[in-house]
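Trainee: Take this structure first; my questions come after.
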């Protein structure tokens, strides 16, 4: 009996050690995801200066062509809110082992269940990181393309647009809405990916 108890204790100790190793690995992947999310949301603030020059008709035109319910204002407001208030708590997403008072079988069952959960979390986080990185790359490409199209002469292009505003003409023409629409759609997709929860946990 004494040997059996000793073997059980050793087995549980090994399982708890494995549990702690996997838990730490899961925490590290979640921390990596948090950094990628914050970087993506920071990138979304870049085109704010472009969209603030749209008149209300132009804003409505782009909003009507943005996927889902995300307006330009919602995209930039939402990205700032999410950036300042992380949408998930890492400790909430990573389960801990059973209480000390739990039975041996309950501890084993909980530890094994959690270890499986850690693997699922890591796989999901890797998937989300990949999606966020790709969508952010597309957004940055669209941003650079839009900037080149809208300001081909750099500061001279900006001066010309300022003169248009002075004479009460739109800063952007309707012919230029296409690249801004693409940029808005790309920004909305980045925000959608950045706000996607891990396994339904925010």
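Trainee: As an exercise, use a Förster radius of 45 Å and the Cβ-Cβ distance of residue 64 and residue 17 to find the FRET efficiency, rounded to the nearest 0.05. Walk me through the numbers on the way to the answer.
Mentor: Values: r = 57 Å, r/R0 = 1.26.
About 0.20, to the nearest 0.05.
Trainee: Along the Cα→Cβ direction, 7 angstrom out, place labels at residue 113 and residue 153. What is the inter-label distance in nm?
Mentor: It is 6.9 nm.
Trainee: Mind sorting 193, 177 by how few other Cβ atoms lie within 10 Å of their own Cβ, fewest first? Could you put the intermediate results ahead of the total?
Mentor: Numbers: 193 20, 177 16.
Least to most surrounded, the residues fall as 177, 193.
Trainee: Working out 0.36 nm times the residue gap between residue 25 and residue 174, then minus their Cα-Cα distance, what length gain in nm do you get to one decimal?
Mentor: 48.6 nm
Trainee: Fewest to most neighbouring Cβ within 10 Å: what's the order for 126, 13?
Mentor: 13, 126
Trainee: Give the distance, in whole Å, between the Cα centre of the range 115-148 and the Cα centre of the range 161-179.
Mentor: So the separation of the two Cα centres works out to 34 Å.
Trainee: What FRET efficiency would be calculated for the residue pair residue 144, residue 57, taking the C-beta separation as r and a Förster radius of 30 Å, to the nearest 0.05? Before the final figure, lay out each step's value.
Mentor: On the way: r = 26 Å, r/R0 = 0.88.
E between residue 144 and residue 57, to the nearest 0.05, is 0.70.
Trainee: Please arrange 169, 39, 19 by how many other C-beta atoms lie within 10 Å of their C-beta, fewest to most. Working shown, then result.
Mentor: On the way: 169 10, 39 14, 19 23.
Fewest-to-most Cβ neighbours within 10 Å comes out as 169, 39, 19.
FYI, it's all coordinate maths here, none of it is from the lab. Given the structure is predicted, the values throughout are model-derived calculations rather than measurements. Methodologically, a virtual Cβ is constructed for each residue, glycine included, from the backbone with ideal geometry; neighbour enumeration extends over all protein chains shown.
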